[in-house]
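Below is one structure; the comments refer to it alone.
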Amino acid sequence: MKLDSHEFRSRCSIARALEIIGDRWTLLVIRDLMWHGKDTFLALQGSEERIPANLLAQRLKRLEALGILRREAYQQRPVRYRYLLTEEGLSLEPVLLELMAWGHAKLEGGFYHPDTQRSVPAGTSGRNR
């Protein structure tokens, strides 16, 4: 089930995007893979938001099936996987940046600068680099 073969419930672009990445956990998994160097199940599960193991496993399988991430074995006994964003997954960075900017400006959340790998605390200007 890749993105180009997924059967959507709506013709609306927003509804379609939300169908793929619109739940709470999916964008946080993508964020951690993209910016925070968390590429294993345990590392992803150790994020501040504490995604339950069953939900993380579901999200990883779905994102892989959609072609947003891929997995590769980094250990054979027992087999353990590393998760990597594909080009489709990496193309979500502008979406994450805008969502983060909105959350920083309107909800006083922190702002992470992917280029400098530094966080700006709530209440300060997140857009100035």
Computed about the Cα centre, the charge dipole of the chain from +1 Lys/Arg and -1 Asp/Glu charges at the Cβ has a magnitude in debye, to the nearest 20, of 260 debye
Note on segment 27-115: contact order normalised by length, alpha-carbon pairs under 8 Å, 6 or more apart, percent, works out to 24 percent
Restricting to lysines and to Cα separations under 28 Å from LYS61, and discarding same-chain partners fewer than 8 apart, the set is LYS2, LYS38
Asserting the computed 222 nm helical MRE of the chain (DSSP H runs at least 4 long, -39500 (n - 2.57) per run, divided by residue count, to nearest 500) equals -13000 deg cm²/dmol
A student applying the Cα gyration tensor rule (rounded when a/c is under 1.5; otherwise prolate if a/b is larger than b/c, oblate if not) would label the chain oblate
Per DSSP, the loop-located GluC sites (Glu not before Pro) within segment 5-105 having at most 16 other beta carbons within 10 Å are GLU7, GLU48, GLU49
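Throughout, read-outs are computed from the coordinates displayed, never taken from laboratory work. If you're wondering where the values come from, they're calculated on a predicted model, not measured in any experiment. Note that each Cβ is placed from the backbone with ideal geometry, even for glycine, and that neighbours are counted across all protein chains shown.
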